[in-house]
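Participant: This structure is in structure tokens; I'll ask about it shortly.
Bear in mind that the values in this text are calculations on the coordinates, not laboratory data. This one's a predicted model, so the numbers in the text were calculated from it and none came from an experiment. Every residue, glycine as well, gets a Cβ built from its backbone with ideal geometry; the counts of neighbours run over all protein chains shown.
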Amino acid sequence: MLRSTLLHLRLPFSFFLLPVFLFACAVSAESLRLFAFLIAFVAWHVWVYPASNGYNSYFDKDEGAIGGLEKPPPVSRHLYAVALLFDTVGIALGALISWQFAIALFIYGIVSKAYSHPMVRLKKYPLISLLTVSIFQGFFVFISSVQALTGKDWSELMTAQWLLPAALSSLMLIGSYPMTQIYQHEEDARRGDLTISRLLGIRGTFIYTMLVFVVAMVGFISYFYQYFSLSWAVAFVLALAPVLLFFFWWMKQCFASCKNANFKNTMRLNLLSAICLNGFYLALWLMS
């Protein structure tokens with residue numbers, strides 16, 4: 001494999017997308033199947049997510065920093081072929097669990113391609129791209145993972161017990177996704193992509209994220225209190241305290257100078273959020 005292709009697949013970036021899957025594992029703990037867990041984990045995080053990264057990189061042809069890659073090398077046709085191969089392998093693995101999960105992986109791949117392909121390019125529409133990413137990386141990944149992990153019929157998952165955490169997963173992404181675009185305004189403007197963060201501006205992105213995060217926190221606290229315990233609701237707040245502290249520190253820096261809305265601080269926030277959420281969901285899974 002070409003080094004540039006491997007870099008654009010951004011395999012370590014899957015760590016940032018892991019919280020939704022671990023949340024699904026935590027709420028499915030009583031009926032989770034080990035084989036399904038191993039296959040689903042590998043299908044999502046080793047094959048399908050990197051395939052999406054590589055495919056989007058091929059069509060974006062970014063010259064500036066992108067998520068998980070500060071200095072992206074030039075893309076090649078090899079990247080396009082490898083991205084499609086990774087998608088195919090991921091879907092084939094999903095079929096080892098069920099045809100339903102394989103179809104879910106296929107649908108996710110189609111949507112992720114529509115995000116960047118020039119014939120559709122959902123990325124250039126701020127609200128559509130926000131909802132697409134939030135729904136499919138949140139609600140869709142959560143509910144399809146639960147179905148794969150437990151083997152339940154889809155009809156069994158159409159209850160508040162499963163739909164509420166799936167919706168909360170999307171709500172968290174609705175708030176956090178614009179923050180991942182905050183350093184790319186110039187690059188997006190050059191390509192004609194009006195992302196939600198570019199539409200809101202740097203100050204507006206911080207204010208928007210703060211307001212959505214307040215709503216999300218209330219939702220998560222209510223959920224954990226109702227379905228787990230008050231202790232877990234409090235633990236969730238404590239787990240995200242470092243993220244909140246960094247967020248408000250960074251917001252202050254950016255309000256003083258927009259130059260602080262840069263790649264390094266964005267990746268710091270993403271990494272801190274991923275560590276805190278992954279740690280909390282893993283503890284919830286193993287201890288509840």
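Participant: Rounded to two decimals, what is the ratio between the C-alpha radius of gyration of segment 148-217 and 2.2 N^0.38 Å?
Facilitator: Relative to the 2.2 N^0.38 Å estimate, segment 148-217 comes out at 1.50.
Participant: Averaged over all directions, how much area does the convex hull of the C-alpha atoms of segment 213-258 cover when projected, in nm²?
Facilitator: Mean projected area of the Cα convex hull: 3.3 nm².
Participant: So for the chain, taking the charge dipole from beta-carbon charges (+1 Lys/Arg, -1 Asp/Glu), which of SER273, GLN161, SER98 sits furthest toward the positive end?
Facilitator: SER273
Participant: To the nearest 20 debye, what is the magnitude of the charge dipole of the chain about its Cα centre, counting +1 on the Cβ of each Lys and Arg and -1 on the Cβ of each Asp and Glu?
Facilitator: 660
Participant: By the gyration tensor of its Cα atoms, with a ≥ b ≥ c the square roots of the eigenvalues, what is the shape of segment 39-186: rounded for a/c under 1.5, prolate for a/b over b/c, or oblate? Before the final figure, lay out each step's value.
Facilitator: Working: a/c = 2.32, a/b = 1.37, b/c = 1.69.
Judged from the Cα gyration tensor, segment 39-186 comes out oblate (a/c at least 1.5, b/c at or above a/b).
Participant: Rounded, prolate or oblate: which fits the chain when a ≥ b ≥ c are the square roots of the eigenvalues of the alpha-carbon gyration tensor, with rounded for a/c under 1.5 and prolate only if a/b beats b/c?
Facilitator: Oblate shape, in that a/c is at least 1.5 and b/c is the bigger or equal ratio.
Participant: Mean residue ellipticity at 222 nm from the helices of the chain, using -39,500 (n - 2.57) per DSSP H segment of n ≥ 4 over the full residue count, to the nearest 500 deg cm²/dmol?
Facilitator: Rounded to the nearest 500, it is -23500 deg cm²/dmol.
Participant: May I ask you to derive the FRET efficiency for LEU85 and ALA256 from their Cβ-Cβ distance with R0 = 41 Å, giving the value to the nearest 0.05?
Facilitator: That gives a FRET efficiency of 0.30.
Participant: Between segment 260-288 and segment 65-119, how far is it from one alpha carbon centroid to the other, in angstrom?
Facilitator: When both Cα centres are located, 23 Å separates them.
Participant: Please compute the modelled spin-label separation between LEU6 and ALA189, points set 7 Å along Cα→Cβ, answer in nm with one decimal.
Facilitator: Result: 3.7 nm between the two label points.
Participant: Taking the alpha-carbon distance from LYS252 and a cut-off under 21 Å, which lysines remain once sequence neighbours fewer than 8 residues away in the same chain are dropped?
Facilitator: Within the straight-line limit of under 21 Å, LYS252 reaches these lysines: LYS264.
Participant: Which one of TYR55, LEU34, PHE139 has its Cα pushed farthest toward the positive end of the charge dipole of the chain, where Lys and Arg give +1 and Asp and Glu give -1 at the Cβ?
Facilitator: After comparing all options, I get TYR55.
Participant: Please list, in order, the residues from segment 199-230 whose amide nitrogen is less than 18 Å from a point placed 7 Å along the Cα→Cβ vector of PHE248.
Facilitator: 206-218
Participant: Something else: So how do 246-257, 39-50, 263-274, 21-32 stack up, highest first, on mean other-Cβ count within 10 Å?
Facilitator: 39-50, 21-32, 263-274, 246-257
Participant: Which residue, chosen from THR209, LEU171, ILE107, occupies the Cα position most advanced towards the positive end of the dipole of the chain, where the dipole is computed from +1 (Lys, Arg) and -1 (Asp, Glu) charges on Cβ about the Cα centre?
Facilitator: Comparing the listed Cα positions along the dipole, THR209 ranks first.
Participant: So what is the relative contact order for the chain, in percent, with contacts set as C-alpha pairs under 8 Å and at least six apart?
Facilitator: Relative contact order here is 22 percent.
Participant: Here's something else I'd like to know. Take SER155 and LEU199, extend 7 Å from each Cα along the Cα→Cβ direction, and tell me the distance between the two endpoints in nm.
Facilitator: Here the answer is 3.9 nm between the modelled labels.
Participant: What shape does segment 109-156 have by the C-alpha gyration tensor, where a ≥ b ≥ c are the square roots of the eigenvalues, rounded means a/c under 1.5, and otherwise prolate means a/b greater than b/c and oblate the rest?
Facilitator: Note, shape of segment 109-156 comes out prolate.
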